Amino acid sequence: MSIKRIEIVRAHINLVSPFRTSFGTEVDRDLLYVHVIGDDEEGWGECVAMAAPLYSSEYVDGCEEVIKRYLIPLVTPTMTAHEFVIAAASIRGNFMAKAAVEAALLDYQLRCTRLSLAGFLGATQTRVASGVSVGIQPDIDTLLGVVEGYRKDGYVRIKLKIEPGFDIDRVRAVRQAFGDEMLLQVDANAAYTVDDAAHLARLDEFNLLLIEQPLPEEDIVGHV
């Protein structure tokens, strides 16, 4: 296992349909990949950062700069993903950028050793139940149609994006339409404040798996 070089690959895609969350509507994505190239194998890692620092302080152009200037220079020809994590600890934050490099190194490492990711993680089954994230829809009827389509596609867990004014009634409609047995959760993408606690508590009646990121990530006191 000997790494020869690491490349950064950029791409752009249009989404199949607009995806709306509490911080805006996406119609396309700017993508960043890390490509590790060795003698006989290669590895790929994708950076999950968005184009603008709206959801997170990290954004795709910034991640590219961090990866080029600070992370790739840390990589040695025989470095494993775990060794990279230790070496990159000296770089503050930038977790999305770090994860892209780590994933590429791990992919390369596993390909070289002919070990699947499932085997590396110690998986005990060959299939897992898959879920899907459903963006904020213009009305309840459209939302129910989108969820029904995903259910027919085989998704067993539904995550609804919510924001003030697009929450209680929509979650109630989905729960009533598809029953208590469906795995259901919501994701607010930091659209609420601690002052909305009583309002969010109304979601308890719908037996949700969880309420994801109701408050801004830096609001430590509010989360307590």
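Per-structure values
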{"item": "Residue in the range 15-36 that is more than 30 Å from VAL186 (Cα to Cα) and among the charged types (D, E, K, R) present", "result": "no"}
{"item": "Residues of the range 193-209 classified as of a type in the set (A, V, I, L, M) and surrounded by fewer than 12 Cβ atoms within 10 Å (Cβ to Cβ), total", "result": "2"}
{"item": "ARG29 being closer than 30 Å to ILE136 by Cα, basic (Lys, Arg) and either outside the structural domain of GLY165 (by TED's automatic domain parsing) or not in a helix (DSSP H, G or I) (or both)", "result": "yes"}
{"item": "Lone unmet requirement of (1) within 30 Å of LEU215 (Cα to Cα); (2) surrounded by fewer than 16 Cβ atoms within 10 Å (Cβ to Cβ); (3) within 19 Å of the chain's Cα centre (by Cα); (4) of a type in the set (A, V, I, L, M) for LEU32", "result": "(2)"}
{"item": "Residue under evaluation VAL60, criteria (1) surrounded by 18 or more Cβ atoms within 10 Å (Cβ to Cβ); (2) at positive phi, criterion not met", "result": "(2)"}
{"item": "Residue within the range 170-178 that is outside any helix (DSSP H, G or I) and either touching a helix residue (DSSP H, G or I) at 6+ places or on another chain (Cβ under 8 Å) or modelled with pLDDT of 95 or more (or both) present", "result": "no"}
{"item": "Pair list, Cβ < 8 Å and 6+ apart or interchain, from the range 1-21 residues that are under 26 Å from ASP107 (Cα atoms) to residues that are among the aromatic types (Phe, Trp, Tyr)", "result": "MET1/TYR108; ILE3/TYR108; ILE8/TYR33; VAL9/TYR33; ARG10/TYR33; ALA11/TYR33"}
{"item": "Elements of type helices (runs of 4 or more DSSP H) contained in the range 55-155, each with 2 or more residues being of a type in the set (D, E, K, R) and modelled with pLDDT of 95 or more", "result": "60-66, 95-113, 140-152"}
{"item": "From LEU160, LEU184, residue being touching an Asp or Glu at 6+ places or on another chain (Cβ under 8 Å), without any contact (Cβ under 8 Å) to a residue 40 or more places away in the chain, under 30 Å from GLY222 (Cα atoms) and surrounded by 15 or more Cβ atoms within 10 Å (Cβ to Cβ)", "result": "LEU160"}
{"item": "Total residues in the range 210-224, condition among the β-branched types (Val, Ile, Thr), exposed (fewer than 14 other Cβ atoms within 10 Å of the Cβ) and not in a helix (DSSP H, G or I)", "result": "1"}
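The values are calculated or read from the model by the stated rules, or taken from the named source; none is laboratory data. Note that the coordinates shown come from a computational prediction; the quantities given were computed from them, not determined experimentally. All Cβ positions, glycine included, derive from the backbone under ideal geometry; neighbour counts span all protein chains shown.
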